[in-house]
2 protein chains.
Amino acid sequence: MHKSLNEIAQHLPANVLAEDCPSRAILQHVTSRWGTLILIALAPGTLRFAELRRRVQGISERMLAQTLQVLESDHLVIRTAHEVVPPHVDYALTPLGAELAVRVLSLAHWIEENLPALQEAQT
Amino acid sequence: MHKSLNEIAQHLPANVLAEDCPSRAILQHVTSRWGTLILIALAPGTLRFAELRRRVQGISERMLAQTLQVLESDHLVIRTAHEVVPPHVDYALTPLGAELAVRVLSLAHWIEENLPALQEAQT
C-alpha cells in the first residue's frame, strides 16, 4: 500500500527552513515584533491586560489584543476571566509557553549583555 | 556636575522591553521573518548566496539581500568577496553571530520537537 503525502509528512522531522512545515508558522508567531516581547513580559508571572501593556512599552491596545490571541491559539498563553466585582481578565504563560519563554529570554538576555559589542561593531 | 540623559542611559542595563533601548532594535532584526531563518541556515557553516537562498525555502532574492545587509550592519554576518575566476561572494556568521545562533537554534529546535504538542493544543 502507498502512503499518502500527508502520512509521509507526518513522519518527517519538523524543519523551520522548509516552507510548508507548520513549525515555521509557530516560529513566526513567537518571533513576531510583539510576540517575543509579550512572552518576555509574562515570564515573571501572571499579568492583567493593562499591566502587560505597561511592561511592553510602545505596544497599542489593538496589537496587544491581537498578538495575545495568536499566542493563545498556539496554547502558549492562557487567558483567565475572573468573575468577581469588578470582573477582570489576566494572562499567563502555559507550561508549554513557560518552556518556550526560557529560550526567548536566553536570546534576549544575550543581546542585552552583548549590546556594547554589537553597537561597537556598527561604528 | 549633572550627567546628561545620554550618560545616564549608557549606564542603565539594556532592556528589550524599554521602547528606546537599542537592544530592542537588534532583537527585532534577529527575530524578523527572515533574519531568524538566515541565522539558522548559516549555523552549519559558510554559504554562497544561491545556496543560502535554497536553504531558506521561500525567500526572494530581494529579501535575502536586504536581510543579509541588516545582519551585516549588526556585525552578526560577514560577507566575503573572493577575487577568483569566476568571482564569487559568500556569507558566514561572525563569532558574535555564531554565539547568537546557538540561542536561535535552541528556540527553533524546541518548537520543532514540541510541534505535536503545539498542534494538538490548536485542535
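What number of residues within region B:42-60 satisfy the criterion of being more than 10 Å from chain A (Cβ to nearest Cβ), touching a residue at least 12 places away in the same chain (Cβ under 8 Å) and in a helix (DSSP H, G or I)?
3
Are there any pairs, at least 6 apart or on different chains, whose C-beta atoms fall under 6 Å, with the first in region B:65-91 and away from chain A (no Cβ under 14 Å) and the second assigned to a loop (DSSP other than H, G, I, E, B), and if so, which?
B:ASP90/B:THR46
Is there a residue being aromatic (Phe, Trp, Tyr) and farther than 21 Å from A:ILE111 by Cα anywhere in region B:15-38?
no
Rundown of residues vs (1) surrounded by fewer than 21 Cβ atoms within 10 Å (Cβ to Cβ); (2) of a type in the set (Ser, Thr, Tyr); (3) modelled with pLDDT of 95 or more, yes/no style:
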| residue | (1), (2), (3) |
| --- | --- |
| A:ALA25 | yes, no, no |
| A:THR46 | yes, yes, yes |
| A:LEU52 | yes, no, yes |
| A:ASP74 | no, no, no |
| A:VAL77 | no, no, yes |
| A:THR80 | yes, yes, yes |
| A:GLU83 | yes, no, no |
| A:PRO87 | yes, no, no |
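Starting from residues that are facing chain A (nearest Cβ under 7 Å) and either assigned to a helix (DSSP H, G or I) or touching a strand residue (DSSP E or B) at 6+ places or on another chain (Cβ under 7 Å) (or both), keep the ones in region B:31-41 and report whichever is farthest from B:LEU52 (Cα to Cα).
So the residue we want is B:THR36.
Inside region B:61-89, can you point out the residues that are within 20 Å of A:LEU17 (Cα to Cα), outside any strand (DSSP E or B) and not polar (S, T, N, Q)?
The answer is B:GLU61, B:ARG62, B:MET63, B:LEU64, B:ALA65, B:LEU68, B:VAL70, B:LEU71, B:LEU76.
The values are calculated or read from the model by the stated rules, or taken from the named source; none is laboratory data. Predicted model only: the values in this text are computed from it and were never measured. Virtual Cβ from ideal backbone geometry, glycine too; neighbours counted across all protein chains shown.
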